[in-house]
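In what follows, a single structure is set out as structure tokens and then discussed.
Since every read-out is calculated from the coordinates, none of them should be taken as a lab result. Just so it is clear, the structure is predicted and the values come from calculations on it, not from any experiment. No Cβ is skipped: glycine too gets one built from the backbone with ideal geometry, and neighbour counts run over all protein chains shown.
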Amino acid sequence: MPAALIETIHDEYEISTDPARVDIDVVHRFLSEESYWAMGRDREVVARAIANSNLVVGAYAPNGAQVGFARMVTDLATWGWLCDVFVLSGHRGSGLGSAMVATIVEHPEVAEIHWQFLATADAHGLYAKFGFTSLDEPQRWMHRRS
């Protein structure tokens, strides 16, 4: 079940957690062609990932075009994985990425979740502003790749 709808304004942009507003073509294009973490990802995989994430956020220009995105894979109770965060290049520099992350991590249904995770190669400073740190005990964590 998706999280409750939140809509806010950041400068001239609207930020919304309404999954029905997400432009899958925009998200797929960025992830598969510009991101370092999802290069070449199939459109169907992007659509399925969005559909199965309980919390998504989109940033929309005044003309309604989607210019940013983030999602949290979460059970809305105990665990959350923040991922696929991006702002299109022509819209960076105004704090829009921070506004989207704030919308997700401060969402009333996930704000108190004890375990929130993410992975980043280059945005540690952004996420540190929201309390993300390196793993305390990385030796306890494992992952599996297929």
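Which of the three applies to the range 7-140, rounded, prolate or oblate, going by the alpha-carbon gyration tensor with a ≥ b ≥ c and a/c under 1.5 meaning rounded?
Rounded, since a/c falls under 1.5.
How large is the charge dipole for the chain, taken about the Cα centre, if only the Cβ atoms of Lys, Arg (+1) and Asp, Glu (-1) carry charge, to the nearest 20 debye?
With Lys and Arg at +1 and Asp and Glu at -1, about 460 debye.
Let me know the longest stretch in the chain that avoids all chymotrypsin sites (Phe, Trp or Tyr not before Pro) found in a DSSP loop with at most 15 other C-beta atoms within 10 Å.
The reported range is 38-129.
Please list, by residue number, every one of the GluC sites (Glu not before Pro) in the range 83-139 that is coil in DSSP and has at most 13 other beta-carbon atoms within 10 Å.
Taking the range 83-139 and a limit of 13 other Cβ atoms within 10 Å, the loop GluC sites (Glu not before Pro) found are Glu106, Glu112.
Helix-only mean residue ellipticity at 222 nm, the chain, DSSP H runs n ≥ 4 weighted -39,500 (n - 2.57), per residue, nearest 500. What is it?
About -6500 deg cm²/dmol.
Angle between the Cα long axis of helix 24-33 and the longest principal axis of the chain, 0 to 90 degrees, nearest 10?
Taking Cα atoms only, the helix is inclined about 60 degrees.
Ranked by Cβ crowding within 10 angstrom, fewest neighbours first, how are Val26, Val110 ordered?
Fewest-to-most ranking of Val26, Val110: Val26, Val110.
If contacts are Cα pairs under 8 angstrom and at least 6 residues apart, what is the relative contact order of the range 7-140 in percent?
Answer for the range 7-140 is 19 percent.
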